[in-house]
Amino acid sequence: MGDFFNSLLYPIELLVAWIMYGFHQAFTTIGLDPASGLAWGLSIIGLVIVMRAAMIPLFVKQINASRKMQMIQPELQKIQKKYKGKTDPESRQAMTQETMALYRQEGTNPFSSCLPILVQSPFFFGLFRVLNGLQGISEGTKDPIGPITKAVASQAESATLFGAQLSDKFIGAETTTTKIVTILLIVLMSATTFTTQRQLMTKNMPASALDNPFAKQQKLIMYVMPVVFAVSGVNFPIGVLLYWFTTNVWSMTQQFYVIRRMPAPGSAAEKALHERLAKRGKPIPGEAERKAREAAEAEEAAERTRQRVQPKGKKRAKKSGPGSTPAKAKQTDN
Amino acid sequence: MSVGQVAAKPLVWLVRAYQLVLSPMRPATCRYYPSCSAYAVTALTRYGLLRGTWLTIRRLGRCNPWSPGGVDHVPALPGHPDDADLVARHIPHETTT
């Protein structure tokens, strides 16, 4: 099983090694000290940027989907109204199923799909193994990975970031500096994940979506997460922590952009956007449609009240005279 | 319980661990109902290690940015009612979110 995973991961490790080495070469060419932690640290950040940039098309696709979400709001609200106040698991499941069926029927889907994360995780493992293997490669106990030869490995391994080596972990750290740098990175990592999650929950969710047991569970987990990071983070080399932190910053910025420009319907962020647009005197997207819909609904309601008026014979109508038109029918003129 | 179903148990625990620990840390991503992990749990418990894994791999392949997503349940065992039906009629069943 171990061998199977090794051979499965090797091509990815190789790719990770080449991207990192390529960035390192580039940074050295523009004048950074090849043995510095800055050059190697920036190479890790470069790897993140390459990976996340490769996924921008997916991000754009999601933005387009969220635009289309605005158009199916009436149908979505119908489903939400139907299940309003029903919090038993069977109702929630039925509601999710109906919502998903609607997405498919309308040809839009706000979710990004599971494949990207599955594609990303081997790269994370690949990086973990490259950084974890640096010491072994520099000592000759491990085979070199592509461009990361024994010499390159020992240079990268001894590169220091604020005095801590990139391959150092909190567990087994020899210097206080290493401990401080790892703790700092773990705190930053937890803070970015927490902020991203909190931003999503407090700003980009309609109030109706927040008032159910799942949202409450989600909220609890949001607070437990930093503890999980602290426990697992102490086992990761500084390079991996740096990678993780950079990815988090990217996700946070991306989400900030989406929430600001294309907030979820009915959320606090949408209200804020509409207020901003109103202040600048710009049209509010979807407002015209909403007004038209409301007008159509009012018309429909009026139609119903009109039908309720009993038909009158010519004689009776004449008798009642002008001014006695039923009050309800008058409302329809508005 | 068949041999295949017993053999699938460790994998089911692994997916459950993912659902409990990793999944809550990330935003919702799945384009389907039930989600890929819930599908995996049902597929593995219903069809055992080999067919369950195969069904899960195929579902993960389907859950890509170009697929429309929607409702996609694990095939029902012969003679058993369809999961979509049970969910629509609010009948408790093994599928989780």
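The values are calculated or read from the model by the stated rules, or taken from the named source; none is laboratory data. Computed from a predicted model, the values in this text were never measured in an experiment. Neighbour counts run over all protein chains shown; Cβ positions are idealised from the backbone, glycine included. Quick note on the areas: whole protein, heavy atoms, side chains included, nothing else; ligands and nucleic acids left out. Shrake-Rupley method; radii C 1.70, N 1.55, O 1.52, S 1.80 Å.
Data overview
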read-out	value
From the options A:Ile49, A:Ile44, residue that is open to solvent by 20 Å² or more (accessible area, probe 1.4 Å), at pLDDT 85 or above, β-branched (Val, Ile, Thr) and part of a helix (DSSP H, G or I)	A:Ile49
Considering residues of region A:72-89 that are open to solvent by 30 Å² or more (accessible area, probe 1.4 Å) and touching a helix residue (DSSP H, G or I) at 6+ places or on another chain (Cβ under 8 Å) only, the residue nearest to the other protein chains (Cβ to nearest Cβ)	A:Lys86
Counted residues, region A:133-166 - those being surrounded by fewer than 18 Cβ atoms within 10 Å (Cβ to Cβ) and either under 31 Å from the mean Cα position of the chain (by Cα) or closer than 19 Å to A:Ser36 by Cβ (or both)	7
Residue that is nearest to the other protein chains (Cβ to nearest Cβ) [pool: residues in region B:31-89 that are touching a Cys at 6+ places or on another chain (Cβ under 9 Å) and without any contact (Cβ under 8 Å) to a residue 24 or more places away in the chain]	B:Asn64
Unmet requirement for B:Val6, which otherwise passes all of (1) touching a Gly at 6+ places or on another chain (Cβ under 9 Å); (2) within 30 Å of A:Pro57 (Cβ to Cβ); (3) open to solvent by 60 Å² or more (accessible area, probe 1.4 Å)	(2)
Of all residues in region A:27-37 being of a type outside the set (S, T, N, Q) and in contact with a helix residue (DSSP H, G or I) (Cβ under 8 Å, 6 or more places away or on another chain), the one that is surrounded by the most Cβ atoms within 10 Å (Cβ to Cβ)	A:Phe27
Region B:28-44 - residue that is small (Gly, Ala, Ser) and outside any helix (DSSP H, G or I) and, of those, most open to solvent (accessible area, probe 1.4 Å)	B:Ala28
Boolean, A:Gly107 is farther than 20 Å from A:Thr247 by Cα, surrounded by fewer than 16 Cβ atoms within 10 Å (Cβ to Cβ) and either among the aromatic types (Phe, Trp, Tyr) or facing chain B (nearest Cβ under 7 Å) (or both)	yes
Condition met for B:Ser23 (within 23 Å of A:Met69 (Cβ to Cβ), part of a helix (DSSP H, G or I) and within 12 Å of chain A (Cβ to nearest Cβ))	yes
Among (1) surrounded by fewer than 19 Cβ atoms within 10 Å (Cβ to Cβ); (2) in contact with a Leu (Cβ under 7 Å, 6 or more places away or on another chain), the one test that B:Gly79 misses	(2)
Helices (runs of 4 or more DSSP H) lying entirely in region A:221-334 (those with 2 or more residues that are charged (D, E, K, R), surrounded by 11 or more Cβ atoms within 10 Å (Cβ to Cβ) and modelled with pLDDT under 80)	A:287-308
Any pair with Cβ under 7 angstrom, 6 or more apart, that starts in region A:82-95 at a residue that is farther than 18 Å from B:Asp85 by Cβ and ends at one that is outside any helix (DSSP H, G or I) and not charged (D, E, K, R)	A:Thr87/A:Asn212
Selection count, region A:112-125, where residues are within 20 Å of B:Asp72 (Cβ to Cβ) and open to solvent by less than 50 Å² (accessible area, probe 1.4 Å)	4
Single condition A:Ala54 does not satisfy, out of (1) more than 23 Å from B:Gly69 (Cα to Cα); (2) among the small types (Gly, Ala, Ser); (3) open to solvent by 40 Å² or more (accessible area, probe 1.4 Å)	(1)
Region A:11-21, subset in contact with a helix residue (DSSP H, G or I) (Cβ under 9 Å, 6 or more places away or on another chain) and touching a residue at least 40 places away in the same chain (Cβ under 8 Å), residue farthest from A:Ala39 (Cα to Cα)	A:Ile12
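Here is a yes/no grid of residues against (1) over 16 Å from A:Ala156 (Cα atoms); (2) part of a helix (DSSP H, G or I):
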{"site": "A:Asn6", "(1), (2)": "yes, yes"}
{"site": "A:Trp18", "(1), (2)": "no, yes"}
{"site": "A:Phe27", "(1), (2)": "no, yes"}
{"site": "A:Leu32", "(1), (2)": "no, no"}
